[in-house]
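Structure record follows, encoded as structure tokens.
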Protein chains: 2
Amino acid sequence: MELAEAKSKFIEAWGKLGSEWGINRTMAQVHALLLTSPVAMTTEEIMEALSISRGNANMTLRDLIGWGLIEKQHKAGERKEYFFAEKDTWTIARQVAQERKKRELDPILKVLNELSSVKGDEKDPEYKTFKTSITSINKLAGNVNKTLETMLKAEENWFWGSIFKIFK
Amino acid sequence: MELAEAKSKFIEAWGKLGSEWGINRTMAQVHALLLTSPVAMTTEEIMEALSISRGNANMTLRDLIGWGLIEKQHKAGERKEYFFAEKDTWTIARQVAQERKKRELDPILKVLNELSSVKGDEKDPEYKTFKTSITSINKLAGNVNKTLETMLKAEENWFWGSIFKIFK
DNA sequence: TTAAACTTTCAAAACTTATTGAAAGTTTTT
DNA sequence: AAAAACTTTCAATAAGTTTTGAAAGTTTAA
């Protein structure tokens, strides 16, 4: 397989994975493009490479910066902005985890905590089932939350090292 | 807060979380409904409770069965099919992880492995960057895969116990 | 065998989300 | 101060996804 072909396969696969996990396909593709580019790229070049519009490129780039996955670079004597991707995979994983935790896990934890405190008649099967389910989901969500928080602080080697010592 | 209100808040929140993670909103809502229901419900009752059409209810129920999250129940002397949800949270988490691993992680691992073996000129920065990125993502994906496989086999207490001993 | 009870299918419609591109905005250069 | 180089915005539109509901299919009962 040629490098160019491999690269476009990767961009496609990354985009697909992104969209299956609720991340905009274009965003994942731009990220893949920059990840595999040895040099920083301009908006124009990115538009060209992925055949997307200026507006789309601009919004996507801003979002990626918001997620902490890419950065702007200014070249001396040039007006254009160049973009490049953070290349360390562990950092990428952490940034994504952090962003999604903030946007999705935190709000649901809030709701679950509220719902855990609903009072009712212990004899009522409706109430008992509700209570039991919520409590148990709440516990799991709390554990996921704790795990993520630790992961967000963790250094790569320490993290994987520890996990795989147990998981063998 | 009243039980009925709490229940509908939960259904809504669960649906929202689902849709943010690429799971059909209705599917997550039906799941939430059955999770918090003390008794098995018929298609008719589910349609009624969530104001959804027969077709939608039927497809969603089949999908949930496909994910191993709910089961059919036949009551003696009745023609109707009743549905109820697996209530153990740990099992739910495992089923979801398993399904998504199969559908999404496995295919991307296959692509990454293919792409890892692309050969090229070590002096070419294009090639070197591509190679480095793919290899490092491949390594992370492999680790995620290993972790999931272990998790899929794990018993609840053992799993969380071990994780949180380290994560403290 | 016919009818009733129930389930499944699927094309069309509704809804949601992503993308375009032209116009407006900003900054730098001349 | 005007033009050029570049970035941002956003209403319109396109693309993708979900939902509907009526018709077809299946199973059981009479």
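Counting just the residues of segment B:35-69 that are charged (D, E, K, R) and within 12 Å of DNA strand C (Cβ to nearest atom), which one comes out farthest from the other protein chains (Cβ to nearest Cβ)?
Only one residue tops the list, namely B:R54.
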*Any residue in segment B:81-93 that is of a type in the set (A, V, I, L, M), out of contact with any Phe, Trp or Tyr (no Cβ under 9 Å at 6 or more places or on another chain) and at pLDDT below 95?*
yes
*asked:* Take the residues in segment B:106-134 that are buried (at least 18 other Cβ atoms within 10 Å of the Cβ) and under 30 Å from B:W67 (Cβ atoms); name whichever of them is farthest from the other protein chains (Cβ to nearest Cβ).
replied: B:L112
*Collect the residues in segment B:45-65 that are more than 11 Å from DNA strand D (Cβ to nearest atom) and without any contact (Cβ under 8 Å) to a residue 24 or more places away in the chain, keeping them in residue-number order.*
B:E45, B:E48, B:A49, B:R62, B:I65
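Just to be sure, is B:R54 open to solvent by 80 Å² or more (accessible area, probe 1.4 Å), of a type outside the set (A, V, I, L, M, F, W, C) and closer than 29 Å to B:L152 by Cβ?
On the way: open to solvent by 80 Å² or more (accessible area, probe 1.4 Å): yes; of a type outside the set (A, V, I, L, M, F, W, C): yes; closer than 29 Å to B:L152 by Cβ: no.
Answer is no for this residue.
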*Quick one: in segment B:23-44, of everything that is touching a residue at least 24 places away in the same chain (Cβ under 8 Å) and over 19 Å from the mean Cα position of the chain (by Cα), which residue is farthest from B:A97 (Cα to Cα)?*
B:E44
*asked:* Being at the interface with another protein chain (Cβ under 10 Å from one of its Cβ atoms) and open to solvent by 30 Å² or more (accessible area, probe 1.4 Å) is the filter here; which residues of segment B:8-34 pass it?
replied: B:K9, B:E12, B:W14, B:K16, B:L17, B:S19, B:E20, B:W21, B:G22, B:I23
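Could you go through segment B:64-80 and let me know if any residue there is basic (K, R) and under 12 Å from the mean Cα position of the chain (by Cα). Let's see the steps before the verdict.
In the first step, residues of segment B:64-80 are kept if they are basic (K, R); the result is B:72, B:75, B:79-80.
Subset that is under 12 Å from the mean Cα position of the chain (by Cα): none.
No, that holds for no residue.
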*Among (1) within 9 Å of chain A (Cβ to nearest Cβ); (2) surrounded by 20 or more Cβ atoms within 10 Å (Cβ to Cβ); (3) over 15 Å from the mean Cα position of the chain (by Cα), which single condition is B:E5 missing?*
(2)
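Would you call A:T60 surrounded by fewer than 17 Cβ atoms within 10 Å (Cβ to Cβ) and of a type in the set (V, I, T)? Let's see the steps before the verdict.
Numbers: surrounded by fewer than 17 Cβ atoms within 10 Å (Cβ to Cβ): no; of a type in the set (V, I, T): yes.
Criteria not met by A:T60.
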*Would you confirm whether any residue within segment A:39-55 is more than 15 Å from A:W67 (Cβ to Cβ), charged (D, E, K, R) and modelled with pLDDT under 95?*
no
*Somewhere in segment B:70-84, is a residue surrounded by fewer than 19 Cβ atoms within 10 Å (Cβ to Cβ) and either within 12 Å of chain A (Cβ to nearest Cβ) or closer than 30 Å to B:G142 by Cα (or both)?*
yes
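The values are calculated or read from the model by the stated rules, or taken from the named source; none is laboratory data. In this text, all values refer to a predicted model and were calculated from it rather than measured experimentally. Using ideal geometry, Cβ is built from the backbone for each residue, glycine included, and neighbour counts are taken over all protein chains shown. Each accessible area value is taken on the protein alone, full model and side chains, heavy atoms only, with ligands, DNA and RNA left out. Shrake-Rupley method; radii C 1.70, N 1.55, O 1.52, S 1.80 Å.
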